[in-house]
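Visitor: Below is one structure. I have some questions about it.
We did not get these values from a lab; they are worked out from the coordinates using the rules stated. All figures in this text were calculated on a predicted structure; none of them were measured in a lab. Neighbour counts are summed over all protein chains in view; Cβ atoms, including those assigned to glycine, are modelled from backbone coordinates with ideal geometry.
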Amino acid sequence: MSAVARIWARMRTSKTVVASGGILFAIALVSIIGPWISPNEYLTTNFDNILRAPTASAGHVFGTDDLGRDLFVRTMMGVQVTFVVAIVASVVSLLIGVLYGATAGFIGGRVDAVMMRLVDTLYATPFIFFVILLLVVFERNLLLMFVAIGAINWLDMARIVRGQTLSLREREFVQAAQLIGVSTPRIIFRHIAPNLVGIVIVYVTLTIPQAILIESFLSFLGLGVQEPQTSLGKLVNDGTKQMEGASWMLLIPGVLLAAILLCFNFVGDGMRDLFDSRRSQ
Amino acid sequence: MSLLDVNGLGVRYADKDVVSGLSFGVGSGESVGLVGESGSGKTQTALAIMGLLPGKAAISGSIDFAGTEIVGAPERQLNTLRAERIGMVFQDPMQALNPYVPIGKQLRRVLLRHGISDGREVDQRVMHMLDRVGLPDPARQFRAYAHQLSGGMRQRVMIASALLAQPDLLIADEPTTALDVTVQAQILELLERIREETALLLITHDLGIIAGHCERLVVIEAGRLVEEGPTRKLFSEPRASHTRKLIDAAPRLDGDSPPAPESAELVLEADNVSVSYAERNERLQLHAVMDLDLQLQAGETVAVVGESGSGKSSFVRAVLGLVPMRAGRVTFCGQEVAGPLQARSIETRRDLQLVFQDPAGSLNPQLRIERIIAEPLTVHAPELDAKARSERVADALQRVGLDEDLLGRFPHQLSGGQAQRVAIARALIVNPRVLVCDEAVAALDGSVRQQVLNLLHREQQATGLAIVFISHDLAVVRSISHRVMVLYLGRLVELADGAGIFRHPRHPYTRALLDAVPVPDPLAPGGRLSISGEVPSIIDPPSGCAFHPRCRYAEQRCRVELPLVRPVGEARVACHRAEELEL
């Protein structure tokens, strides 16, 4: 069994992980296929059809908003943004965080000190201030928000991977490889990295909900996704304005966001239980 | 009637029997040894007696302790039993002590929790007990934390803790396996001393330990009883072949050392090697190794022996380039080699290989055995194609006596002995000139240990491999060493050829190490232990001869003047009184 196959086998032993993962997969699938099947467009406004409550018969299963746009298609679009954020966050924290952390941890000494102080500095920067600054200097766009989310997401990962690498470096199989004459990059890739897989997977699943929350939060403040595009955070923001008359505008995206966050958190916690408990293989 | 009566005990996990149909008894005040190799179910038996097996273990049969049935007893009853009547000492005292609570406080709890004692006399009783188990300065140790004590001291604390409740039975599960031989001898002596007040069930894989300390033996294999009887009878006329095998596997001091190799080609030479570690604040330099020399010839085995803290690992690691040298020179085949590993030529790195103590830790858990063994080839013989490479791997595997179907497995699927052979195969696949074994057999069972030693010896005969063998136990290196270096606190105390050092040690410390080796013979005269205490800290080494506080021959001169290494007879010894002492 390869490392990946073993992780997969172990994941399947947890009911929470399987159930939450299944729900997430279903939501993602609907968000991709839904807008395709639906007769409505996310941009089309229909002023005869404003703030219509959810009905199956009229083709607006999630109702419409204050501009008469179909909320089902818009919500699914928001879900898509949420999943893109999840993917970007995990890729960024995986690539930058793991490489950065493993390098700092393995080389150690002064290099490690400088690299980790940089991480500390980024940690200490007030995040909202940083984002507003970015948005003022540059045009508001989706890419910028991903940069902002990515910039903070890899920090945790770098710290965790560095700590783990520090302890792996002292393990005798790494010393054995050094004695044999294996080069440093090869040791990092072949001996350190595979032994990081467990902890990295756990923390990726735990950073995803964090990233989603940040995106929703920025969009809620109006700093994130811009009209006519939308995201779950922005939909919730719109919903709060119509809370009194059209509660579905708040409830549907709100519940979906909560469900997605919960599922990711369950997967993350389940994974931590599976990998982190120092149980032998 | 016996105190403990185990009848048809079976322990089963899922579909695997770890103990089956095991019956034996321990009479009150009796000492019984439970002997078996690792995986034979010894510890599972002990845990069953304590009622400590995990819920997923299926237990059958009966365990009767002084009229109380333990199998299936309610937790509350077991708690009382464990608190008041059965004490247990585990293999690793660090795991068994709470690192956040001073040991005196932990021991007080034993008395207070179970209402065995109360009020002011508690501290008195704890201190009295610490004194009885031989902890120096009990009033001070009372407030010490576990990490401030040495391994031997921690084990004494564990024994004190078990004895506080005045149990009827003390179970000691491999109580000395994690300790140096000298400390092991002291702990065994302590167990012998407390025998007056409690029955003892001593669990071990080493018959040498048990020979002088138990009245009766229970030998088990794969969870089944092999043989049971009085110790003397079992040693003199074992009925089962497994018992015979265990007796033969115990390391002995009598017997011959190998003859010196014919060639006189010097392969590895180290001069005046010193190693220091800087403490955190960089102001304090800890001198782990001072001015050590090593000459190693092709086909020769040099043993480096000493208790933990003697600097033996630091020394060879400095020679290999794994830790930086403060001073010194290393010459390989006439060429001086650079200190740090990274600065050495690829050929030098190929020719000096190391086998670690812990076989599981030195193999990457994520790689298959085949890739682990083949890895050196990717560095030192990158020109080989896949077929040639797997031929070399198969050849290496055969040299260490392993089957080819292990190649697809992961390290955690191997036994300790198999894993150590894989580590040796990985070192040997590039045909090094020098192999360094750092306590390479210390973690292995007796019979497996002997097989690995034989394998190294065979390899040496065939290829002229030079071996540096580190061990804390002189008995282990006896059969393979041409020469022996004995170290104490980073300095050489004696260097002699194998035959000489075992027959006629010239330094009191060497004598002490020899005396500490448990003799696998119940008739051997015991109590020759000639050393007490433990290696002092290198933070504050003793003045003069570092060994003088533990030396029974020390005189005024030893306390002030550092003895130099000088030739005495055939040996080189660092002792002021080497000529006059009859050891």
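Visitor: If we sort B:454-460, B:404-410 on the protection proxy, mean other Cβ atoms within 10 Å, highest first, what's the order? Please report the intermediate quantities before stating the final value.
Guide: Values: B:454-460: 17.3, B:404-410: 14.1.
So the order, starting with the most tightly packed, is B:454-460, B:404-410.
Visitor: How long is the gain from A:Thr45 to A:Val91 if the chain were fully straight, where each residue apart is worth 0.36 nm and the alpha carbon distance is subtracted?
Guide: Details: separation 46, 0.36 × 46 = 16.56 nm, distance 3.58 nm.
Full extension from A:Thr45 to A:Val91 adds 13.0 nm.
Visitor: Return the whole-Å distance between the Cα centroid of the range B:206-277 and the Cα centroid of the range B:561-583.
Guide: The range B:206-277 and the range B:561-583 have Cα centres separated by 30 Å.
Visitor: Take the cross-link list B:Lys16/B:Lys387; B:Lys56/B:Lys233; B:Lys42/B:Lys245; A:Lys15/A:Lys241 and give me the ones stretching past 29 Å between alpha-carbons.
Guide: Numbers: B:Lys16/B:Lys387 39 Å; B:Lys56/B:Lys233 39 Å; B:Lys42/B:Lys245 17 Å; A:Lys15/A:Lys241 39 Å.
Cα-Cα > 29 Å for B:Lys16/B:Lys387; B:Lys56/B:Lys233; A:Lys15/A:Lys241; rest within.
Visitor: Right, something else. With the crude spin-label approximation of a point 7 Å out along Cα→Cβ, what separation in nm comes out for B:Lys233 versus A:Thr184?
Guide: 6.7 nm
Visitor: Once you average over the residues of A:180-187, how many Cβ atoms of partner chains fall within 10 Å of each Cβ? Before the final figure, lay out the partial values.
Guide: On the way: counts 14, 15, 5, 2, 1, 0, 3, 1.
Per residue, the average neighbour count from other chains is 5.
Visitor: When only C-alpha pairs under 8 Å and at least 6 residues apart count, what is the relative contact order of the range A:77-276, in percent?
Guide: Values: 235 pairs, mean separation 58.1, N = 200.
Relative contact order for the range A:77-276 comes out at 29 percent.
Visitor: Once you keep just the Cα pairs under 8 angstrom separated by 6 or more residues, what percentage relative contact order results for the range B:468-541? Working shown, then result.
Guide: Details: 60 pairs, mean separation 18.8, N = 74.
Relative contact order for the range B:468-541 comes out at 25 percent.
Visitor: Please identify the helices of chain A, taking whole runs of DSSP H, that span at least 20 Å along their own axis as judged from the Cα atoms and have a mean Kyte-Doolittle score of 1.0 or higher. Let's see the in-between values first.
Guide: On the way: long enough: A:15-37 (32 Å, 1.78); A:71-92 (31 Å, 2.01); A:109-124 (22 Å, 0.57); A:142-169 (39 Å, 1.05); A:193-220 (39 Å, 1.62); A:248-276 (40 Å, 1.38).
Helices meeting the span and hydropathy rule in chain A are A:15-37, A:71-92, A:142-169, A:193-220, A:248-276.
Visitor: Now a separate question. Quick one: helix B:103-113 against the long Cα principal axis of chain B, what's the angle to the nearest 10°, folded into 0 to 90?
Guide: Helix B:103-113 sits at roughly 20 degrees to that axis.
Visitor: To the nearest 10 degrees, how steep is helix B:416-428 against the longest Cα principal axis of chain B, on a 0 to 90 scale?
Guide: The angle comes out at about 10 degrees.
Visitor: Just want the answer: with Cβ charges of +1 for Lys and Arg and -1 for Asp and Glu, which residue in B:Val452, B:Leu465, B:Val430 is farthest toward the dipole's positive end in the range B:417-475?
Guide: About the Cα centre, the residue reaching furthest to the positive side is B:Val430.
Visitor: So between B:Glu215 and B:Arg458, what do we pick up on full extension, going 0.36 nm a residue minus the alpha carbon distance? Kindly include the intermediate steps, with their values, before the conclusion.
Guide: Working: separation 243, 0.36 × 243 = 87.48 nm, distance 3.84 nm.
Once the chain is fully extended between B:Glu215 and B:Arg458, it gains 83.6 nm.
Visitor: Let me ask another. Under a GNM of chain A (C-alpha, springs under 10 Å), which listed residue has the highest mean-square fluctuation: A:Leu94, A:Leu235, A:Leu142?
Guide: Most flexible of the set in this elastic network: A:Leu142.
Visitor: What is the spin-label model distance, in nm, from B:Arg140 to A:Ile23 if the labels are put 7 Å beyond Cα along the C-beta direction?
Guide: 6.1 nm
Visitor: Once you place label points 7 Å from the Cα toward the Cβ at B:Glu75 and B:Arg503, how far apart are they in nm?
Guide: So the two model labels end up 6.4 nm from each other.
Visitor: Over chain B, what is the relative contact order in whole percent, taking alpha-carbon pairs under 8 Å and six or more residues apart? Write down the numbers at each step before the final one.
Guide: Details: 1181 pairs, mean separation 83.4, N = 583.
Taking the mean separation of contacting Cα pairs over the length of chain B, I get 14 percent.
Visitor: Another question about this same structure. Where is the GNM fluctuation largest for chain A (alpha-carbon springs, 10 angstrom cutoff): A:Ile37, A:Ile160, A:Ile208?
Guide: A:Ile37
Visitor: How far is helix B:369-380 tilted off the main Cα axis of chain B, in degrees rounded to 10, range 0 to 90?
Guide: 20 degrees
Visitor: In addition: What does the highest-first list of B:75-87, A:76-88 look like by mean Cβ count within 10 Å? Working shown, then result.
Guide: Numbers: B:75-87: 16.2, A:76-88: 21.7.
Final packing ranking: A:76-88, B:75-87.
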